[in-house]
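The values are calculated or read from the model by the stated rules, or taken from the named source; none is laboratory data. A quick note: this is a predicted structure, and the numbers were derived from the prediction, not measured. All Cβ positions, even for glycine, are placed from backbone atoms using ideal geometry, and neighbour counts span all protein chains on display. Each accessible area value is taken on the protein alone, full model and side chains, heavy atoms only, with ligands, DNA and RNA left out. Shrake-Rupley method; radii C 1.70, N 1.55, O 1.52, S 1.80 Å.
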Amino acid sequence: MGRTVVVLGGGISGLAASYHLSRAPCPPKVVLVEASERLGGWIRSVRGPGGAIFELGPRGIRPAGALGARTLLLMCGEQVSELGLDSEVLPVRGDHPAAKNRFLYVGGALHALPSGLRGLFRPSPPFSKPLFWAGLRELTAPRGKDPDETVHSFAQRRLGPEVASLAMDSLCRGVFAGNSRELSVRSCFPSLFQAEQSHRSVLLGLLLGAGQSPQPDSALISQARAERWSQWSLRGGLETLPQALNTHLTSRGVRILRGQPVCGLSLQADRRWKVSLGDSSLDADHVISAVPASVLGKLLPAEAAPLARALSAITAVSVAVVNLQYRGARLPVQVMLGGSWLQTLEAKGAVLSPELLQQQAQEAAATQLGLKEPPSHCLVHLHKNCIPQYTLGHWQKLEAATQFLASQRLPLTLAGASYEGVAVNDCIESGRQAAARVLGSEPDS
């Protein structure tokens, strides 16, 4: 009788783990358990009254790097006959204005970021000096000596206070809905941290390290490189991907349980897991957890208390997503409000009503985009604890968890956004690596 692997969580990480398990030459029996009635996690797309697609979560995927290429590989290549999504891909090509133009909103005004080599030598508000000087500073700054550092401290030390407070702070808000003075550069931006460690300079490290890791290839990946895609989506919205994975998994014999919250995990005498689902249970030789770290911490048995403590220390912030549609506008507007902004409001006792969130989003659209008229359609969704925060010392929490799992030889593998990346590509990769470890083979480099 073959092994049974239970995957906790039907978000994109759990779906990816189940997908790669099901494609093994001798696949184990796979059971995917999801607490809600739908799959896809934070990826959710809805169609508005006029036919426009509203993304309630992530709205695009970046194709860059090995991780971006692997996600595109799900769309085509060997997998095209199964998922059949290659013709559904909607790219933002390198010559598109959305790919060429980047803005910072500072001091009540939008400022275009410099593009091209010539732009680095010109003063570019809101920066008081040409960014060339920040680059020169970075090339000559000594290597940091601490095992970890906040993103703000790292950027200030290497690029100066302006770049740290304007550019990196905005980047942390946009990616993590977090505070650059609390987030870890080692965990949030590992390529920057490793570049400095390996080459003393981030710029040199990124330049010399570019293109060294092997990447998969396919017609779609080659097209993305040739056309310099900045990101891509799917014709019916990003939720098309988890929907296609669901169909594929069902065809491969994966058992999918929806509306089944896991109540607890207990380890039997034979080192198999008993996964409690309220009025029923599952037996598993191995569990892949793709639920948030704090959720898993509450499910673990008493003998795994050290692991639960490490996991419960990985916190997350809430984000409100407000979708606005305006008459005459070609595309709907998505506004994300979250992180410390929401925490501050909640600390003051404010009720985060849909009306308040819509008001804030409309004010942002009016002041930043000039959309003064009331929207013709609006959707407001508050996603509680949706983006994990890799704060200073996050790597030590992961190390403690990994060491406990290894020393106790627990048949448990961690996946998902809580650990090594919050983007869709990162989550898909975490599922792939989790499946590879369960199958007894290390993931490709």
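Please list, in order along segment 183-188, the HN-Hα scalar couplings obtained from phi with the Karplus expression 6.51 cos²θ - 1.76 cosθ + 1.60 (θ = phi - 60°), rounded to whole Hz, x for Gly and Pro.
Each residue of segment 183-188 in turn: 6, 8, 6, 4, 9, 7 Hz.
Would you list Val380, Val31 from the most to the least accessible area, probe 1.4 Å? Working shown, then result.
On the way: Val380 40, Val31 5 Å².
Accessible-area ranking of Val380, Val31, largest first: Val380, Val31.
Can you list residues whose amide H is under 5 Å from Ser36's amide H, if they're 5+ apart or on another chain and H is modeled 1.01 Å from N?
Amide H neighbours of Ser36, under 5 Å, 5+ apart: Gly259, Gln260.
When a/c is below 1.5 the answer is rounded, else prolate if a/b is larger than b/c, else oblate, so apply that to segment 363-439 with a ≥ b ≥ c taken from the square roots of the Cα gyration tensor eigenvalues.
Details: a/c = 3.88, a/b = 2.68, b/c = 1.45.
Prolate shape, in that a/c is at least 1.5 and a/b is the bigger ratio.
Go through His96, His383, His248, His377 and list them by solvent-accessible area, largest first, probe radius 1.4 Å.
Largest to smallest exposure gives the sequence His96, His377, His383, His248.
Could you work out what % of the accessible surface of the chain is carbon and sulfur, using a 1.4 angstrom probe and leaving DNA, RNA and ligands out of the count?
Of the solvent-accessible surface of the chain, carbon and sulfur hold 53 percent.
Determine the alpha carbon to alpha carbon distance for each of Lys298/Lys384; Lys100/Lys372; Lys274/Lys298 and list only those over 20 Å. Kindly include the intermediate steps, with their values, before the conclusion.
Numbers: Lys298/Lys384 17 Å; Lys100/Lys372 26 Å; Lys274/Lys298 15 Å.
From the list (Lys298/Lys384; Lys100/Lys372; Lys274/Lys298), the Cα-Cα distance tops 20 Å for Lys100/Lys372.
Contact order normalised by length for the chain, with contacts defined as Cα pairs under 8 Å and 6 or more residues apart; what percent is it?
24 percent
Rank by packing, highest mean first: peptides 46-54, 281-289, with packing defined as the count of other Cβ atoms within 10 Å averaged across residues.
By packing density, highest mean first, the sequence is 281-289, 46-54.
Quick check for you: which residues of segment 286-315 have the amide N under 11 Å from the point 7 Å beyond the Cα of Ser407 toward its beta carbon?
Answer for segment 286-315: 306-307.
With every protein chain present, what is the per residue accessible area of segment 184-299 (1.4 Å probe, Å²)?
Ligands and nucleic acids excluded, the figure is 49 Å² per residue.
Considering only the other residues whose Cβ falls under 12 Å of the Cβ of Thr150, what net charge follows from Lys and Arg at +1 and Asp and Glu at -1?
Here the count lands on -2.
Give me, ordered by chain and number, the residues 5 or more places off Ser318 or on other chains with an amide H under 5 Å from its own placed amide H.
For Ser318, whose amide H was placed from the backbone, the distant partners under 5 Å are Gly339, Asn385, Cys386.
Just how large is the dipole of the chain about the Cα centre, in debye to the nearest 20, putting +1 at every Lys and Arg Cβ and -1 at every Asp and Glu Cβ?
Charge dipole, the chain, about its Cα centre: 540 debye, nearest 20.
Order the peptides 32-42, 2-12 from the highest to the lowest mean number of other Cβ atoms within 10 Å of their residues.
Answer by packing, highest mean first, reads 2-12, 32-42.
Run the 1.4 Å probe and let me know the accessible area of Lys397, rounded to the nearest 10 Å².
Counting only protein heavy atoms, the figure is 40 Å².
Against the empirical 2.2 N^0.38 Å scaling, what ratio does the C-alpha Rg of segment 295-379 come to? Working shown, then result.
Numbers: Rg = 18.7 Å, N = 85, 2.2 N^0.38 = 11.9 Å.
Ratio of Rg to 2.2 N^0.38 Å for segment 295-379: 1.57.
Select from segment 121-177 those GluC sites (Glu not before Pro) which occupy a DSSP coil region and have at most 13 other Cβ atoms within 10 Å, ordered by residue number.
Loop-located and lightly packed - none at all.
About the Cα centre of segment 183-329, how large is the charge dipole given +1 on each Lys and Arg Cβ and -1 on each Asp and Glu Cβ? Please answer in debye to the nearest 20.
Charge dipole, segment 183-329, about its Cα centre: 240 debye, nearest 20.
Taking only protein heavy atoms and a 1.4 Å probe, what accessible area per residue, in Å², does segment 1-149 have with all protein chains in place?
Computed with neighbouring chains in place, this is 52 Å² per residue.
With both bridge residues required to lie in the chain, what share of the DSSP beta bridges run antiparallel, to the nearest 5%? Each step should come with its number before you reach the end.
Numbers: 37 of 53 bridges.
Just about 70 percent of them are antiparallel.
Classify segment 1-104: rounded, prolate or oblate, from the alpha-carbon gyration tensor (a ≥ b ≥ c, eigenvalue square roots; a/c under 1.5 rounded; otherwise prolate if a/b is larger than b/c)?
Details: a/c = 2.35, a/b = 1.62, b/c = 1.45.
The shape class here is prolate.
In the chain, if the dipole is taken from +1 on Lys/Arg beta carbons and -1 on Asp/Glu beta carbons about the Cα centre, which of Ser128, Val287, Pro214 is farthest to the positive end?
Of the listed residues, the answer is Ser128.
Got a sec? What order do Met75, Met168 fall in by accessible area at 1.4 Å, biggest, i.e. largest, first?
Per-residue accessible area, sorted high to low, gives Met168, Met75.
Going by the alpha-carbon gyration tensor, a ≥ b ≥ c the square roots of its eigenvalues, is segment 239-282 rounded (a/c under 1.5) or, if a/c is not under 1.5, prolate (a/b greater than b/c) versus oblate?
prolate
Name the residue farthest towards the positive end of the dipole of the chain from the options Val89, Pro374, Gly431, assuming +1 on Cβ of Lys and Arg, -1 on Cβ of Asp and Glu, about the Cα centre.
Going by the charge dipole, the pick is Pro374.
Per DSSP helix of 4 or more residues, -39500 (n - 2.57); summed, then divided by the residues of the chain. What does that give at 222 nm, rounded to the nearest 500?
On the way: 19 runs with 172 residues, N = 445.
The helix-only estimate for the chain comes to -11000 deg cm²/dmol at 222 nm.
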